[in-house]
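Notes to accompany the following structure.
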Amino acid sequence: LAGRFLLQYLFSDFPYELIRIADTRKPFLPDAQYHFSISHCGDYAAAIVSRESRVGIDIEIPVEKIKAIADKFLNVEEKNLLPYFHLPEEELLTLFWSAKESVFKWYGYGAVDFKKHINLLSLQPSSGIINCQFAKTNQQLTIHYLQFTPVYLSWIVE
């Protein structure tokens, strides 16, 4: 409900009552009048809307269990990036998970292997950007992110 509220907050004429859910669990509007994505985690919600571009958004709260599942979504090259950033491991892993989730939501067609298809190439903390290669479409993507203690928010507009 909070996500739908945010959609109308962003665009007052957003027809939230027409939202449908695809087999991939992605919400959409049948006429594609708007491209949108919503996310929620704990007490937080986020939404992004565009008339022209596909979008994806994710919001995550760092939790200890992210360390236990990191091998399921990080490839070897991404693991090698971890020591170069001055963030606690739990936070950096949460950021990487959130970035990959935003790409998954942007793509919207399902059947994405986070480890194989979404390759995070570099992280630019000063500008809040993660460069990414999406193997399913062979596209270079720019993922934006912000930290609002205690959450990480990532989004993509392409």
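In segment 139-158, which residue that is open to solvent by 70 Å² or more (accessible area, probe 1.4 Å) and outside any strand (DSSP E or B) is nearest to R20 (Cα to Cα)?
E158
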Any pair with Cβ under 6 angstrom, 6 or more apart, that starts in segment 63-86 at a residue that is closer than 20 Å to F134 by Cβ and modelled with pLDDT of 90 or more and ends at one that is outside any helix (DSSP H, G or I) and open to solvent by less than 40 Å² (accessible area, probe 1.4 Å):
E78/L120
For segment 119-158, how many residues meet the condition of being over 13 Å from L92 (Cα atoms), touching a Phe, Trp or Tyr at 6+ places or on another chain (Cβ under 7 Å) and in contact (Cβ under 8 Å) with a residue 40 or more places away in the chain?
2
I19 - would you say it is among the hydrophobic types (A, V, I, L, M, F, W, C), open to solvent by less than 90 Å² (accessible area, probe 1.4 Å) and closer than 22 Å to Y145 by Cα?
no
Go through (1) exposed (fewer than 11 other Cβ atoms within 10 Å of the Cβ); (2) within 22 Å of L146 (Cβ to Cβ); (3) not charged (D, E, K, R) for S12 and report which single condition fails.
(2)
Restricting to segment 1-59, name every residue that is of a type in the set (S, T, N, Q) and farther than 18 Å from V112 by Cβ.
Q8, S12, Q33, S50, S53
Condition check for K136: surrounded by fewer than 16 Cβ atoms within 10 Å (Cβ to Cβ) and not in a helix (DSSP H, G or I):
yes
For residues that are farther than 24 Å from F28 by Cα, under 15 Å from the mean Cα position of the chain (by Cα) and open to solvent by 40 Å² or more (accessible area, probe 1.4 Å), tally how many sit in segment 106-130.
1
Scan segment 6-44 for residues that are in contact (Cβ under 8 Å) with a residue 40 or more places away in the chain and among the hydrophobic types (A, V, I, L, M, F, W, C) and jot them down.
L6, L7, A22, F28, C41
Note on segment 97-116: residues at pLDDT 95 or above and closer than 14 Å to I156 by Cβ are S98, A99, K100, E101, S102, V103, F104, K105, W106, Y107, V112
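The values are calculated or read from the model by the stated rules, or taken from the named source; none is laboratory data. What you see is a predicted model; the values in this text were computed from it and never measured. Backbone-built Cβ (ideal geometry, glycine too); neighbour counts: all protein chains shown. What goes into the accessible areas is simple: the full protein's heavy atoms, side chains included, and nothing from ligands, DNA or RNA. Shrake-Rupley method; radii C 1.70, N 1.55, O 1.52, S 1.80 Å.
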